[in-house]
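Engineer: Take a look at this one; I'll ask things after.
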Amino acid sequence: DVFPLGNQGPSELRRLLSWANKRGGAIIIDEAECLLGKRGNAPKDDDQQQQQDYSRDCLNVLLSLTGTMGNIMLILTTTNPGELDDAVLDRMDEIIHLPSLS
């Protein structure tokens, strides 16, 4: 979870992705829409603006590195797939929808 890292979150995400690309492995990002949400939605208040800026920074990190990553499996989980940025979805090789348990 990179959100508790505050301003260091995007740089720590870059560091993690770079490390994993060199060594191989799998990275799971739970509630991916919080980090990789759609761009362009107008914020309603300062908290939403801060969250949107953070999400944009993390999204930029992921998008800038995905073209060169060949050694990692990136697993994103979400209950709101419609909230993920389209550029993230375009970079996914497989998308698996699981039915709701309710």
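None of the figures in this text is laboratory data; all of them are computed from the coordinates on show. The structure presented is a predicted model; accordingly, all values stated were derived computationally and were not measured.
Engineer: Looking at the square roots a ≥ b ≥ c of the eigenvalues of the Cα gyration tensor of the range 34-89, which shape do they give, rounded for a/c under 1.5, prolate if a/b is larger than b/c, or oblate?
Structural biologist: prolate
Engineer: Next question, about the same structure. With each run of n ≥ 4 DSSP H residues scored as -39500 (n - 2.57), what mean residue ellipticity at 222 nm is computed for the chain after dividing by its residue count and rounding to the nearest 500 deg cm²/dmol?
Structural biologist: -13000 deg cm²/dmol
Engineer: Expressed as a fraction of 2.2 N^0.38 Å, the rule-of-thumb size for a compact globular protein of N residues, what is the C-alpha radius of gyration of the range 7-63?
Structural biologist: Rg over 2.2 N^0.38 Å, computed on Cα atoms: 1.23.
Engineer: Rounded, prolate or oblate: which fits the chain, taking a ≥ b ≥ c as square roots of the Cα gyration tensor eigenvalues, rounded meaning a/c under 1.5, else prolate when a/b beats b/c? Could you put the intermediate results ahead of the total?
Structural biologist: Details: a/c = 1.76, a/b = 1.15, b/c = 1.53.
It is oblate, given that a/c is not under 1.5 and a/b is not larger than b/c.
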